[in-house]
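What follows is a short report on a single structure.
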Amino acid sequence: MQIWIDTADVNAIKRVAELGVVNGATTNPSLCAKQSNKDFKAMVKEICGLVNGPVSAEVVVPDFEGMCSQAEMLSKLHENVIVKVPCTNEGLKAAKYCKEHGIKTNVTLTFSPNQVLLAAKAGATYTNIFIGRVDDAGHDGMAAVEESLQILKNYKLETKLIAASVRSVQHAQQAALLGCHVATIPPEIIEKMVKHPLTELGLKKFKADWEKSGCKME
Ligand code: G3P
């Protein structure tokens, strides 16, 4: 499973990218709004310089023509930019346009296997299940991931599924167990995935035993 970092915080991206586990990044208007840098194009270019892989940048207009024009502009910022379009009638048409014009897309704000199927048929490079938000609505986000993967497999659709709105280390682990292609994960959750209490305890014991032993490394 590819691990993408779900943030527009360049300091967090720098910190986590150093671990060597990050294959891409996703932003959205809400994540960008939290940053002090208000120059969106500069922000996207900076993230592309930090992450060696796909970087999702979202259109912010509702109409087909506007989405296509923003998609053209965003895709020219860097070869790794993937354009996020929402799963609306206009967004699906824009995904089809992008496919025909060689622009990679991430069809977003997708919460059901049916939306995943339509995004794939429209030519999306990637689409999502927003696990946390589906759970928040009282449904089962992980079941939607499993069913979406099955649909993509049934019809040999090329679109890759992203587990998004990941809120816990369990979400990340379950997505990997299901064989999800990508999980886009907030930096603080990637950092939690590194940790295990037995690792900490084990380290303390190794250190204490080593110090008592009189062993030398060199
Ligand atoms: O990748 C989509 C993600 O950013 C949404 O997460 O926590 O706002 O539902 P959340």
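A DSSP coil position with no more than 13 other Cβ atoms inside 10 Å describes the following GluC sites (Glu not before Pro) in the stretch 122-164: 158.
Here each label is just a point 7 Å from Cα along the line to Cβ, and for residue 34 and residue 88 those points are 2.4 nm apart. Amide H contacts of residue 84 (H built 1.01 Å from N, in plane; Pro and chain starts excluded): 57, 58, 59, 106 sit under 5 Å, all sequence-distant by 5 or more or on other chains. Using 1/(1 + (r/R0)^6) with R0 = 35 angstrom and r between the beta carbons of residue 11 and residue 206, what's the FRET efficiency to the nearest 0.05? E(calc), rounded to 0.05, equals 0.65.
Just in the stretch 44-129: which GluC sites (Glu not before Pro) are loop by DSSP and have at most 12 other Cβ atoms within 10 Å? Don't skip to the end; give the middle numbers.
Values: sites: 46, 58, 65, 72, 79, 90, 100; in loops: 79.
Listed in order of number, the matching sites are 79.
Rounded to the nearest 20, the Cβ-based charge dipole of the chain about its Cα centre (Lys and Arg +1, Asp and Glu -1) stands at 360 debye.
Find how much the distance from residue 195 to residue 1 grows on full extension, using 0.36 nm per residue of separation minus their present alpha carbon separation; answer in nm with one decimal.
Numbers: separation 194, 0.36 × 194 = 69.84 nm, distance 1.89 nm.
Answer, rounded to one decimal: 67.9 nm.
Which percent of the accessible area of the chain is formed by carbon and sulfur heavy atoms (probe 1.4 angstrom)?
Numbers: 6480 of 11870 Å².
The computed percentage sits at 55.
In summary, the lysines within cross-link reach of residue 84, defined as a Cα separation below 19 angstrom excluding same-chain residues under 8 places away, comprise 34, 38, 41, 45, 76, 93, 96, 99, 104, 121, 160. Under 5 Å between amide hydrogens, built in the peptide plane, is the criterion, and for residue 6 it picks out 26, 185 among residues at least 5 positions away or on other chains. Accessible surface area normalised per residue over the chain is 54 Å², counting heavy atoms of protein chains with a 1.4 Å rolling probe. Which of the trypsin sites (Lys or Arg not before Pro) found in the stretch 132-162 are in a DSSP loop and have at most 11 neighbouring Cβ atoms, other than their own, within 10 Å? Passing sites in the stretch 132-162 are 156. When the surface is traced with a 1.4 Å probe over the full set of protein chains, residue 92 keeps roughly 40 Å² accessible. Taking amide H atoms as placed 1.01 Å from N in the peptide plane, the amide H of residue 167 lies under 5 Å from those of 132, each 5 or more residues away in sequence or on another chain.
The values are calculated or read from the model by the stated rules, or taken from the named source; none is laboratory data. Quick caveat: nothing in here was measured; it's all calculated off a predicted structure. Because the Cβ atoms are built from the backbone with ideal geometry, glycine has one as well, and the counts that use them run over all protein chains shown. Each accessible area value is taken on the protein alone, full model and side chains, heavy atoms only, with ligands, DNA and RNA left out. Shrake-Rupley method; radii C 1.70, N 1.55, O 1.52, S 1.80 Å.
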